[in-house]
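One structure is given below, encoded as structure tokens.
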Amino acid sequence: KAGVTQTPRYLIKTRGQQVTLSCSPISGHRSVSWYQQTPGQGLQFLFEYFSETQRNKGNFPGRFSGRQFSNSRSEMNVSTLELGDSALYLCASSFPGTSGTVFGPGTRLTVL
Amino acid sequence: TQLLEQSPQFLSIQEGENLTVYCNSSSVFSSLQWYRQEPGEGPVLLVTVVTGGEVKKLKRLTFQFGDARKDSSLHITAAQPGDTGLYLCAGEGNYGQNFVFGPGTRLSVLP
């Protein structure tokens, strides 16, 4: 059974650019959540999608957005990148009604 | 805002020793999860506890959820180098909110 896949694994961008990260959940999982992990702030919740609808949103600026497709794959976009956006971005998928959350390996974003 | 604290922040021990890490909050959580994360990887779910006072054992790891569902502990017996990693606790709010993560305990087990 394939795990959660995130692409790309590493990304280097400069300030002001935008970036799109992709996440493919485990087959059958319809809930996808995104988290930002930094040494200073730890793991912080960005948003959750279920059946193509954003169900929950964390406390991040509007530069951070996401979407989910009909096959449950999800993307997140960060516009007008800032140095502080450098982080490991993690995607997690789960099956509704279960506690079996599975994280992907993350995308390491560096903003120069 | 629900917050989780973890202690200690860092822990370095010798192989074979026992240890306990703690996860505390002033808020009540409907469930709590423990994860281990290794460098360059995403967190891996170890256990979910749901009932106040619940104790779960996973080989050498023992997890306990506080009676009031505000705190939890993870006890490792006879630690091994393979236990090295970042241990994260995450609490689920009572109204279906997404998980709130603690800052983690970074454990290093030396051979």
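A few comments on the model shown:
- Chain-alone versus full-assembly comparison, segment B:30-59, residues with accessible loss of at least 50 Å² (1.4 Å probe): B:Pro43
- Within-15-Å neighbourhood charge of A:Ile12 [Cβ basis; K, R +1; D, E -1]: +2
- A Förster distance of 41 Å, applied to the separation of the beta-carbon atoms of B:Thr51 and A:Asn71, puts the FRET efficiency at 0.70.
- Between chain B and chain A, roughly 1100 Å² of accessible surface gets buried, counting both sides and using a 1.4 Å probe.
- Percent carbon-and-sulfur accessible area, segment A:1-55, ignoring ligands, DNA and RNA, probe 1.4 Å: 46
- Complex-versus-alone comparison for segment B:66-111, residues with a loss of 30 Å² or more in accessible area, probe 1.4 Å: B:Asn98, B:Phe99, B:Phe101
The values are calculated or read from the model by the stated rules, or taken from the named source; none is laboratory data. Just so it is clear, the model here is predicted, and its values are computed rather than measured. Cβ sites come from the backbone with ideal geometry, for glycine too, and all protein chains shown count toward neighbours. In case anyone asks, the SASA skips ligands and DNA or RNA and just uses the protein heavy atoms, side chains included. Shrake-Rupley method; radii C 1.70, N 1.55, O 1.52, S 1.80 Å.
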